Amino acid sequence: MAVTPSTFRIRLAALTLLVAGTAVAHEKATGVVAARMKAMEDTAAQAKALDRALKAASLNAADVRARAESIHANAHDLLAMFPPGSDQGHTYAGPEIWTQRDVFERLTRAYDVATEKLVEVARTKALPELREQFGVVRRQCLDCHEKFRAPGAERRH
Ligand code: HEC
């Protein structure tokens, strides 16, 4: 497809809007840092909704499955969102992510596997197992934040 100057301008404008929107949502964060904050916030929103659904008397299986899948998709991409050098600027990522990379990688991989299992369990619709696996995943959030998220991050949320 030929790119005329006017379509090019439209694309640029759309891109500018996208970047500006991200900057507003995450204050001064940019690039991969803003992307991982957005992924974490999305994960937190899905986890909160899942928690509510699992506590409710009736649950929408398709909705639960979609939320589990979205948590897993974010988990699967997590390691790539902490490339070397992304410890600079507006971020709450702890320096240990890079100085203890093997530990961080192990946690990230375990989280990837646990969220994948969450998706599997969500497909079987067995509520006790789903609650249990969700508990496993949530402990991993806290565990990783304790080790790899800088102090002070909690106060923002
Ligand atoms: C393997 C490590 C790891 C796991 C697992 C993890 N997080 Fe995070 N999370 C981080 C790090 C590191 C940051 C800080 C990122 C930054 O500021 O650049 C963060 C940031 C966040 C934030 C703040 C985002 C923002 O806008 O600043 C929220 C909310 C969050 N995580 C929720 C969760 C939830 C909910 C889970 C589990 C379902 C989870 N996280 C699992 C490492 C992890």
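Quick note: the coordinates plus some simple rules give every number you see, no bench work behind them. The structure presented is a predicted model; accordingly, all values stated were derived computationally and were not measured. Quick reminder, even Gly has a Cβ in these numbers, built from the backbone with ideal geometry, and neighbours come from all protein chains shown.
Using the number of other C-beta atoms within 10 angstrom as an exposure proxy, rank Leu50, Leu59 with the fewest first.
Result, fewest neighbours first: Leu59, Leu50.
Pairs Lys38/Lys147; Lys55/Lys147; Lys117/Lys147: which are spaced more than 27 Å apart, C-alpha to C-alpha?
Beyond 27 Å between Cα atoms: Lys55/Lys147.
Of the listed peptides 142-150, 63-71, what is their order by residue-averaged count of other C-beta atoms within 10 Å, with the highest listed first?
Top of the packing list down: 63-71, 142-150.
When the chain is fully extended, how far beyond the present Cα-Cα distance does Arg101 get from Ala66, taking 0.36 nm per residue of separation? Can you show the working numbers first?
Details: separation 35, 0.36 × 35 = 12.60 nm, distance 3.08 nm.
9.5 nm is the gain from fully extending Arg101 to Ala66.
In whole Å, what is the distance between the alpha-carbon centres of the range 130-145 and the range 65-126?
About 12 Å separates the Cα centre of the range 130-145 from the one of the range 65-126.
Please compute the length gained on full extension between Ala44 and Ala80, using 0.36 nm multiplied by the number of residues separating them and subtracting their Cα-Cα distance.
11.1 nm
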